[in-house]
Structures are given as C-alpha cells and as structure tokens.
Amino acid sequence: MTLTPATPLTLTPIEARVLGTLMEKARTVPDSYPLSLNSLVLGCNQKTTREPVMNLTEAEVADALSSLKKCQLVRENSGSRVTRFDHNFQRGIGVPEQSAVLLGMLMLRGPQTAAELRLNTERWYKFADISSVEGFLEELQDRSEEKGGPLVVKLARAPGAREQRWAHLLCGPVDELSFAAHSGSARYGDGAPGTLARIEQLEIQVAELRETVQKLCIELGMSPPMQD
C-alpha cells in the first residue's frame, strides 16, 4: 500500500514499537543510525523508557519492517555489509517535525500528559513550553478527515490525576479503561539523559558485535555462540 496523507493508517502494536524505536534512535544515537535488525530488536525490547515492555523476536520485527516499508514509513539501506533501516515517518504521515516527535514518544511510552511529553522528548526536540506541546497535540486531535483524521485523543482525567493524558490513535481507537487501570511507570523520564544515551549506544554496539561474531563463525564453519 502506498500511503497518502488521506489514507487511514492502523498500525499493529509491534509496528508502532518498531517505528517509534527508529524515530528515537535517529535522534539519540545518530552515529549508529540507520539501525541493523539486531540493533533494532534490542531497541524495541529495552526495559527502560518503554510502555509496555516487549520481548520481540527478530522474525516479528522483520515482519513489521516489511509492512512499514509497504506503507513507505520505513526505508531499507543496503549500502553496507549489514542491511540497515531508517524511518520516513514525518513525510509518510504528513505532519510537522514537532508533531512527529510527540507521536513517536506516545508510541514508545504510552499515554502521557503534555508536561510529561515535554520532559520525555527533550532529547528529541526542545519545546519552548507546555503550551507549545498542547498546541501541536490539539492540531493532531483536530486533524481533518481529508488528511486521514485525528492522530491523538485526549483521555478523560484519571481518578486522583491533576492533568489529562494524551494517547496516539495510530493503532486504532484507545481503550481508556485499560489505560486508567494501568499505572505505566515508563511514562516518566527515568535516568539522566547522558546515562540513557550511553546505555543506548552500548546496546547498539553490542548488537553490531554480535552480528560480526555470527558472520565470522559462519565464514569459519563454526557454530555461532549462544545469545541471552
């Protein structure tokens, strides 16, 4: 399917995680981007800054990449020894950079308030203030049917909460009751930005080293070492 701004888009949760991870790594570890399949799997399965935490296989991620390529939301770069992937989200969906950043963070961490989104996207894009975040969210919520319809929804205020949360609609309508019952601690910024960047860089380097070892073992006729 060739995606146009008016094409209704419904992603699977795995496709949303793959796309959000590519969008994140493009900004947080640009030296290691585009990502190899191994690096992308590690990024999708991170135990921090993810809601929900997933345990995806290479086959599941590869299937999601295939679907996203058909929608022109992901591109394949085969110029190096290892095939790498990068996203085409902003152009594919037809939204400005700020809106793409907010949607990417919502795909990775689930429903968040405007204040949480401003904090959590700081390494992606520095919004001037919370009002600026709210303005782009409202534009996404009021998106016309001619452009494909709304991409976010403002959820009802949860019991005891001071602020309302926003959720993306890229995977279809939101089940507000399930979100209200789930605390979702991954919504909050956890860990210093510098520490997170180093962890992400190390994870990608480990994935690339594993790929190199696997290729060397195959060339030498040896069995690849077992992975965790």
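The values are calculated or read from the model by the stated rules, or taken from the named source; none is laboratory data. Given the structure is predicted, the values throughout are model-derived calculations rather than measurements. Note that each Cβ is placed from the backbone with ideal geometry, even for glycine, and that neighbours are counted across all protein chains shown.
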Seminar exercise, completed: Condition set at pLDDT 85 or above and outside any loop (DSSP other than H, G, I, E, B), scope the stretch 151-182, selection nearest to Glu116 (Cα to Cα): answer is Trp166
Exercise. Do we have Arg123 as touching a helix residue (DSSP H, G or I) at 6+ places or on another chain (Cβ under 6 Å) and modelled with pLDDT under 95 here?
Worked result: yes
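Residues checked against (1) buried (at least 22 other Cβ atoms within 10 Å of the Cβ); (2) farther than 26 Å from Arg165 by Cβ; (3) modelled with pLDDT of 95 or more; (4) not small (Gly, Ala, Ser):
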site: Ala62; (1), (2), (3), (4): no, yes, yes, no
site: Ser78; (1), (2), (3), (4): no, yes, no, no
site: His87; (1), (2), (3), (4): yes, no, yes, yes
site: Glu97; (1), (2), (3), (4): no, no, yes, yes
Seminar exercise, completed: Output for Cβ contacts, cut-off 7 Å, separation at least six or different chains, first residue free of Cβ contacts under 8 Å to residues at least 12 places away in the same chain and more than 14 Å from Pro13 (Cα to Cα) in the stretch 29-54, second not hydroxyl-bearing (Ser, Thr, Tyr) and not in a helix (DSSP H, G or I), reads Lys47/Val53
Exercise. Regarding Val82, is this residue in a loop (DSSP other than H, G, I, E, B), farther than 27 Å from Lys154 by Cα and not polar (S, T, N, Q)?
Worked result: yes
Exercise. If you go through the stretch 39-60, how many residues are assigned to a helix (DSSP H, G or I) and either in contact with a His (Cβ under 7 Å, 6 or more places away or on another chain) or among the charged types (D, E, K, R) (or both)?
Worked result: 2
Seminar exercise, completed: Note on the stretch 12-38: residues over 20 Å from Cys71 (Cβ atoms), part of a helix (DSSP H, G or I) and among the hydroxyl-bearing types (Ser, Thr, Tyr) are Thr28, Ser32
